[in-house]
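Peer 1: Attaching a single structure in structure tokens format; questions to follow.
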Amino acid sequence: MDRLQSMRVFSKVVEQGSFVGAAKVLNLSNAVVTRHVADLENHLGTRLLNRSTRRMSLTETGQGYLERVRSILIEIDEADAAASAVSKKPAGILNIYSQISFGQMQLARLLPKYSLQYPEVTLDVTMSDRTVDLVEEGFDVGIFTVFQKFDISMVARQLGIAEVLLCASPDYLRKHGRPLLPEDLQQHACLNFSLEHLRHHWSFQSGDGVSTIPITSKVMSNNADLLRHCALAGMGIAMRSSYSLGDDLGTGKLERVLADHHINKISVQLVYPSRRLLSAKVRSFVDFMMTEFPYPDRDPWLAA
């Protein structure tokens with residue numbers, strides 16, 4: 001049994017939602033696709049898929065195995081792509097999509113470094129908070145947060161996990177005091193994202209569960225940079241993601257409040273349409289970003 005090929009077939013069956021769909025995409029017969037999955041299950045001694053004439057679903061073992069298989073296939077395909085691209089020089093226009101706050105506060109500092117390494121690559125960067133289709137809209141690579149959807153067939157590499165935190169200017173805290181408990185926020189002006197579930201309440205997680213605190217929004221906006229400037233101007237306490245703060249905490253322009261009370265975490269992912277036959281320019285950018293963020297399960301922005 002070609003176990004690697006069986007892994008590819010198994011992964012494609014799940015991606016397509018059927019044996020027939022996988023057979024069509026892989027240009028194989030239905031019987032061959034079925035045999036690959038059966039051989040894999042026999043080798044492992046366990047069932048990976050529950051299937052009937054009408055539907056198919058992963059078993060619990062199959063779900064865990066699929067996650068490892070996809071990781072293995074990504075590493076193998078990217079190793080092949082990297083080897084074949086060694087002799088190619090990154091050049092041309094690299095079309096990058098980025099979530100706005102990440103683009104403003106993180107890409108803005110990283111792209112000059114990338115450009116020095118790859119001077120023949122021209123960078124065309126589009127920033128937005130909307131959901132985009134990378135292929136349909138002509139992007140080579142995108143940076144998404146957990147709130148933005150992308151096609152599951154895309155390759156996603158996690159850059160880090162950002163902490164959602166509260167911060168305010170030293171001037172605001174001198175004038176209005178520092179909240180010591182989440183309940184103290186009821187006496188403060190809050191700078192808020194204009195999302196319905198955040199307009200009037202902020203939630204905090206603890207070992208005892210989730211506590212929801214009523215708040216008064218002084219400013220609401222769908223733009224994190226505007227909220228940052230309002231916080232810097234001393235208008236109130238802002239809810240921010242760590243990657244959107246830049247050096248504001250490190251330089252003391254803003255101070256974190258209620259640091260012992262957890263709000264939420266946001267995964268940030270580098271996404272691109274295919275891991276096969278990547279162009280040298282895309283390969284160079286993917287490798288650059290993964291080198292800049294080598295610990296995907298941490299928050300590299302809060303520690304910076």
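Peer 1: Do you know which of the residues in region 213-245 that are in a loop (DSSP other than H, G, I, E, B) and farther than 15 Å from V257 by Cβ is modelled with the highest pLDDT?
Peer 2: So in region 213-245, the residues in a loop (DSSP other than H, G, I, E, B) come out as 215, 222-223, 233-236, 245.
Going one step further and asking which of them are farther than 15 Å from V257 by Cβ, we end up with 222-223, 233.
On the way: N222: 83, N223: 84, A233: 96.
Restricting to residues being in a loop (DSSP other than H, G, I, E, B) and farther than 15 Å from V257 by Cβ, the top hit is A233.
Peer 1: When T216 is evaluated against the numbered criteria (1) without any contact (Cβ under 8 Å) to a residue 40 or more places away in the chain; (2) buried (at least 18 other Cβ atoms within 10 Å of the Cβ); (3) touching a helix residue (DSSP H, G or I) at 6+ places or on another chain (Cβ under 8 Å), which criterion, by number, is the only one it fails?
Peer 2: Unmet for T216, out of (1) without any contact (Cβ under 8 Å) to a residue 40 or more places away in the chain; (2) buried (at least 18 other Cβ atoms within 10 Å of the Cβ); (3) touching a helix residue (DSSP H, G or I) at 6+ places or on another chain (Cβ under 8 Å): (2).
Peer 1: Shifting gears a bit: If L277 satisfies all but one of (1) under 17 Å from F102 (Cα atoms); (2) modelled with pLDDT under 90; (3) in a loop (DSSP other than H, G, I, E, B), what's the number of the condition it fails?
Peer 2: All conditions pass for L277, except number (1).
Peer 1: From I96, I74, which residue is of a type in the set (V, I, T) and either modelled with pLDDT of 85 or more or on the phi > 0 side of the Ramachandran plot (or both)?
Peer 2: Answer to the check: I96.
Peer 1: In addition: Could you check region 254-284 and list, in sequence order, the residues that are more than 22 Å from D184 (Cα to Cα), more than 16 Å from the chain's Cα centre (by Cα) and surrounded by 15 or more Cβ atoms within 10 Å (Cβ to Cβ)?
Peer 2: Residues satisfying the conditions are R275, L278, S279, A280, K281, V282, R283, S284.
Peer 1: Take residues that are within 22 Å of D299 (Cα to Cα) and touching a strand residue (DSSP E or B) at 6+ places or on another chain (Cβ under 7 Å) and tell me which of the strands (runs of 3 or more DSSP E) falling wholly in region 89-189 contain 3 or more.
Peer 2: 141-145, 155-168
Peer 1: Please tell me if V210 is part of a strand (DSSP E or B), exposed (fewer than 12 other Cβ atoms within 10 Å of the Cβ), of a type in the set (V, I, T) and in contact with a strand residue (DSSP E or B) (Cβ under 8 Å, 6 or more places away or on another chain).
Peer 2: yes
Peer 1: From Q205, Q148, which residue is under 30 Å from T122 (Cα atoms) and among the polar types (S, T, N, Q)?
Peer 2: The unique qualifying residue is Q148.
The values are calculated or read from the model by the stated rules, or taken from the named source; none is laboratory data. What you see is a predicted model; the values in this text were computed from it and never measured. Backbone-built Cβ (ideal geometry, glycine too); neighbour counts: all protein chains shown.
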